[in-house]
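Enquirer: Attaching a single structure in structure tokens format; questions to follow.
The values are calculated or read from the model by the stated rules, or taken from the named source; none is laboratory data. Bear in mind that the values here come from a model prediction, so they are computed numbers and not experimental data. For neighbour counting, all protein chains shown are included, and Cβ atoms are generated from backbone atoms with ideal geometry for every residue, glycine included.
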Amino acid sequence: MKDFKSGQILVFDKPLGWTSFQLVGKVRWMLCRAIGEKRLKVGHAGTLDPLATGVMVICTGKATKRIEELQLGEKEYIARLQLGATTPSYDLEHEVDTTFPTAHIDEAAVDHALAQFRGEIDQVPPAFSACKIDGKRAYDLARKGHDVELKAKRITIHELELLHFSPDAMTLDIRVRCSKGTYIRALARDIGEALHSGAHLTALRRTRVGEYDVEHAFPDIDAFEKWLEADTADHA
């Protein structure tokens, strides 16, 4: 049986609707049950919003010491943006609060807008984010109705590829390869502004964290449970 106390790195395809905390908690419970321990150190190398799916790297035992190192790795995402409307969180967590004209937007305008965000840029994180202000999470303050002002951070967009533009639905599908600390929701907001309109995320999938990609992740918690049972049985 694998030594989860000495440390293992596990890669999951986080399901839609789960928080990162929920996934870590479920994995910890399953591992403790499997190895007969009441406690086991388990952590993740990068949060994913509940409405996002895809790669979450989870470290156990002594491998949790590598979390900071793993978080420095590049991330890759596939995102769908809805143009012409914004929400307070720039995703589907909140309902649309403002709509904008979109008749002027064509694929040439989209290409021009995307070009502005390749390379090193300054990005202001969303108010509904885990950034801290005086020790408090920005999303906690935002949900209580407080005005949240966050400072811009320097990030790098290594690749920003237009996968599909639908002029009828006014949606964009993009692939983003970026540095640590990049908020795709903030990128959606800024692309909308660059198009003299608005935008928010309607789907987000993280396909890679550093060297770990979604093709080699546990597709769901059931697959992990079966793998864990097989690993336990092999070493019983």
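Enquirer: Looking only at the range 205-219, count how many residues are surrounded by fewer than 23 Cβ atoms within 10 Å (Cβ to Cβ) and either of a type in the set (Val, Ile, Thr) or assigned to a strand (DSSP E or B) (or both).
Expert: 7
So that you can scan it fast, the table gives a plain yes or no per residue for (1) among the polar types (S, T, N, Q); (2) within 20 Å of the chain's Cα centre (by Cα); (3) farther than 14 Å from residue 164 by Cα; (4) surrounded by 12 or more Cβ atoms within 10 Å (Cβ to Cβ):
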| site | (1), (2), (3), (4) |
| --- | --- |
| 84 | no, no, yes, yes |
| 89 | yes, yes, yes, yes |
| 109 | no, no, no, yes |
| 113 | no, no, yes, yes |
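Enquirer: Counting residues that are closer than 30 Å to residue 100 by Cα and assigned by TED's automatic domain parsing to the domain that holds residue 159, which strands (runs of 3 or more DSSP E) fully inside the range 7-86 reach at least 3?
Expert: Passing ranges, in order: 75-83.
Enquirer: A further question follows. Can you name the residue in the range 70-82 that is of a type in the set (D, E, K, R) and closer than 30 Å to residue 8 by Cα and is also surrounded by the fewest Cβ atoms within 10 Å (Cβ to Cβ) among such residues?
Expert: That would be 74.
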